[in-house]
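Just so you know, all these numbers are worked out from the coordinates, no wet-lab data involved. Everything quoted here is computed from the prediction, not taken from an experiment. Quick reminder, even Gly has a Cβ in these numbers, built from the backbone with ideal geometry, and neighbours come from all protein chains shown.
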């Protein structure tokens, strides 16, 4: 089966990351009487499925630059908690107003809006805890990891991109602004994943620059692929509502470039990422090549 080894490795790493997420969620105080529903909402979204691409990328870059993958697991957990928080908030009625995520009712549908908001808030905070308390990295690395996570998730990262995204709907845009939106909203956290792996491995500046280049190209290709799937796929396959971009008049790569040119743009970005992976070389570069190929060919 195509990608069999990749899926096996992703599943193995996902299990390690999930174990660390459970460590973080259970590490402080067992008595949650009266607010246990909040913990349930957090776990509901965290363990609802998902490919764990971001933590896997973190582990891959740690490996690629000679690190012990175990040292990157907690950083991968941190990224996954931040990513999950963003999905909870993104699905809220004030933002994308989605009813389904990964084939299940969204957090606010399952737990109510105020609990969903708190679950997202708490996961953001816990993601910093996971990064700052990585037991297999020293305090200097953990401080760098927490700062990087803040940089990629905050004003000039994911949150800034989300603000831009909210103003794309019904506004005349060019492809440059849409690209900027997705460099911040999507690619920034993929860059965080790659660079956190570099921190765990003790990578040098040149190696980290390669990681940034790969992650930004893959991040944009990933988003364009999502735009394509919103047109070509089904809600059953995607596990969430499709066709909403067009219904809301939202500017995307597909609406601005057309379907075939959007696919071509994704391929071009993927080829650039492939070139970077080849420069990285070794077994780590091969694994990055396979992941890049899978992300372009995925159906959900």
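Each peptide among 93-99, 195-201 gets the average number of other Cβ atoms lying within 10 Å of its residues, and from highest to lowest they stand as 195-201, 93-99. Each residue in 57, 123, 155, 291 was given a count of other beta-carbon atoms within 10 angstrom of its own, and listing them fewest first yields 155, 291, 123, 57. Residue separation of residue 32 and residue 206 scaled by 0.36 nm, minus their Cα-Cα distance, works out to 58.0 nm of gained length. I need the shape label for the range 27-106. Rule: rounded when a/c is under 1.5, else prolate if a/b > b/c, else oblate, with a, b, c from the alpha carbon gyration tensor. Oblate, since a/c reaches 1.5 and b/c is not below a/b. Stretching the chain fully between residue 289 and residue 104 yields a gain of 63.5 nm (0.36 nm per residue, less the alpha carbon separation).
Modelled this way, with points 7 Å down the Cα-to-C-beta line, the labels at residue 166 and residue 5 are 4.6 nm from one another. Within the listed set 31, 217, 230, the Gaussian network model of the chain (springs between alpha-carbon atoms below 10 Å) gives the highest mean-square fluctuation for 31.
Gain on full extension, evaluated as 0.36 nm per residue between residue 279 and residue 174 minus their Cα-Cα distance, stands at 34.5 nm.
Computed over the Cα atoms of the range 90-143, pair by distinct pair, the Kirkwood hydrodynamic radius stands at 12.8 angstrom.
When only alpha carbons of the chain are considered, Rg and Dmax amount to 18.4, 55 Å.
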